[in-house]
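Have a look at the structure below before the remarks.
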Amino acid sequence: MSFIVEADNISTAWLAAAAKLDAAPKRKAIHSVVRIADPVGEVPAVRAAMDQLLAGQNMQSVETVANTIFPAAFARSSRDHAELVERYMKIYPLLTTRYRDNKKGTYFGRMINYPSAPNPRKPGSGGPWDQISEVIRTITVELNGGIPKGARYEVGLGLPDDAMNVQVFVPGTDTSAMAFPCLSHCSFQQEGEEYVHLLAHYRYQYLLKRGYGNYLGLSGLLAHVARQTGLKVGQLTVVAGMAWLEPPVIPVSNMLDEFTDLAVV
């Protein structure tokens, strides 16, 4: 089974995707696509119910999951991207040693501190690489030059010598088939001189444990790039190679029943 969801905001997107999976064999689907028109929008009652559901299962809150992709609170209190990175990297060793789930790093940490190998065609290359900064810089330069490209701003699996490919996966280190990183690719698309959109690809997505937080973290990342480049927040699209709505069944079904009108697509 596969499905496509078109939703107005993060909350309705999660409800619609969960409803699709709840009705699917084994609550799994391949090649699911979730498009969110307003990725900075939420329904407060749904967010509260989601956090209550997660807490009842001893799972991380929506905000905790989202922070692994984008530290929104740090960003709000930082002057610009450079200060955000500086502050985040000061606490990064603590994040990766104190919290078991972060032992291989966080998604945001991989994006701004990727251990890239030297490029023989570029003397002095290699070492930690802030890929988000490069995306912001390139969009800004091309906007100022009056000839912006539509789809060359990449964050994911790509060639280490491509300045617009932002790596998450580290070859030789990420050897587990089911563990971090499940998010494998992010691609920014610029629409004229007005909007920037984000396409994210998950090789495997746990919709209950991390789905809502994933949407929230990706929306924060998109909004950050938009702010730093002077563009508006566009559409967020999340593609999952395999999506699974994990147990427990009854609490999730109860939540879907509570918001049945919002889960319709």
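It is to be established whether one or more residues within region 228-251 are outside any strand (DSSP E or B), polar (S, T, N, Q) and surrounded by 15 or more Cβ atoms within 10 Å (Cβ to Cβ). Yes.
Table: residues versus (1) closer than 24 Å to Thr106 by Cα; (2) in contact with a Pro (Cβ under 8 Å, 6 or more places away or on another chain); (3) of a type in the set (S, T, N, Q).
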| residue | (1), (2), (3) |
| --- | --- |
| Ser11 | yes, no, yes |
| Val40 | yes, no, no |
| Ala45 | no, no, no |
| Asp51 | yes, no, no |
| Leu54 | yes, no, no |
| Asn67 | yes, no, yes |
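For region 71-88, a residue qualifies if it is among the charged types (D, E, K, R) and either in a helix (DSSP H, G or I) or within 13 Å of Tyr215 (Cα to Cα) (or both), and the qualifying residues are Arg76, Glu83, Glu86, Arg87.
Scanning region 43-70 for residues that are part of a loop (DSSP other than H, G, I, E, B) and without any contact (Cβ under 8 Å) to a residue 40 or more places away in the chain yields a single hit, Asn58. Restricting attention to region 78-87, does a residue exist that is without any contact (Cβ under 8 Å) to a residue 60 or more places away in the chain, surrounded by fewer than 19 Cβ atoms within 10 Å (Cβ to Cβ), touching an Asp or Glu at 6+ places or on another chain (Cβ under 9 Å) and among the polar types (S, T, N, Q)? For region 78-87, residues without any contact (Cβ under 8 Å) to a residue 60 or more places away in the chain, surrounded by fewer than 19 Cβ atoms within 10 Å (Cβ to Cβ), touching an Asp or Glu at 6+ places or on another chain (Cβ under 9 Å) and among the polar types (S, T, N, Q): present. In region 33-42, of all residues being touching a helix residue (DSSP H, G or I) at 6+ places or on another chain (Cβ under 7 Å) and crowded, with 17+ Cβ neighbours inside 10 Å, the one that is farthest from His201 (Cα to Cα) corresponds to Glu42. Residue under question is Gly241, and the condition is that it be small (Gly, Ala, Ser), within 24 Å of Met50 (Cα to Cα) and out of contact with any helix residue (DSSP H, G or I) (no Cβ under 7 Å at 6 or more places or on another chain); does it hold? Yes.
For region 200-227, the candidate set comprises residues that are in contact (Cβ under 8 Å) with a residue 40 or more places away in the chain and among the basic types (Lys, Arg); within that set, the residue that is surrounded by the fewest Cβ atoms within 10 Å (Cβ to Cβ) is Lys209.
This table checks each residue for (1) touching a helix residue (DSSP H, G or I) at 6+ places or on another chain (Cβ under 7 Å); (2) in a loop (DSSP other than H, G, I, E, B); (3) at pLDDT 55 or above; (4) not β-branched (Val, Ile, Thr).
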position: Tyr92; (1), (2), (3), (4): yes, no, yes, yes
position: Gly105; (1), (2), (3), (4): yes, yes, yes, yes
position: Pro120; (1), (2), (3), (4): no, yes, no, yes
position: Glu154; (1), (2), (3), (4): no, no, no, yes
position: Gly158; (1), (2), (3), (4): no, yes, no, yes
position: Val166; (1), (2), (3), (4): yes, yes, no, no
position: Pro171; (1), (2), (3), (4): no, yes, no, yes
position: Thr175; (1), (2), (3), (4): no, yes, no, no
position: Gln190; (1), (2), (3), (4): yes, no, yes, yes
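Taking the numbered list (1) in a strand (DSSP E or B); (2) farther than 21 Å from Tyr212 by Cα in turn, Val33 passes all entries but (2).
How many residues are aromatic (Phe, Trp, Tyr), outside any strand (DSSP E or B) and more than 17 Å from Val40 (Cα to Cα) if we restrict to region 192-212?
Adding up the residues that qualify gives 1.
Does region 77-118 hold any residues that are over 20 Å from the mean Cα position of the chain (by Cα) and closer than 13 Å to Asn67 by Cβ, and which are they? Matches in region 77-118: Ile91 only.
Inspect region 36-49 for any residue being more than 28 Å from Ala18 (Cα to Cα), modelled with pLDDT of 85 or more and among the hydrophobic types (A, V, I, L, M, F, W, C) and give the result as yes or no. Within region 36-49, none of the residues are more than 28 Å from Ala18 (Cα to Cα), modelled with pLDDT of 85 or more and among the hydrophobic types (A, V, I, L, M, F, W, C).
The values are calculated or read from the model by the stated rules, or taken from the named source; none is laboratory data. All of these numbers come straight from a predicted model, not from anything done at the bench. So basically every Cβ, Gly included, is an ideal-geometry build from the backbone, and we count neighbours across all protein chains shown.
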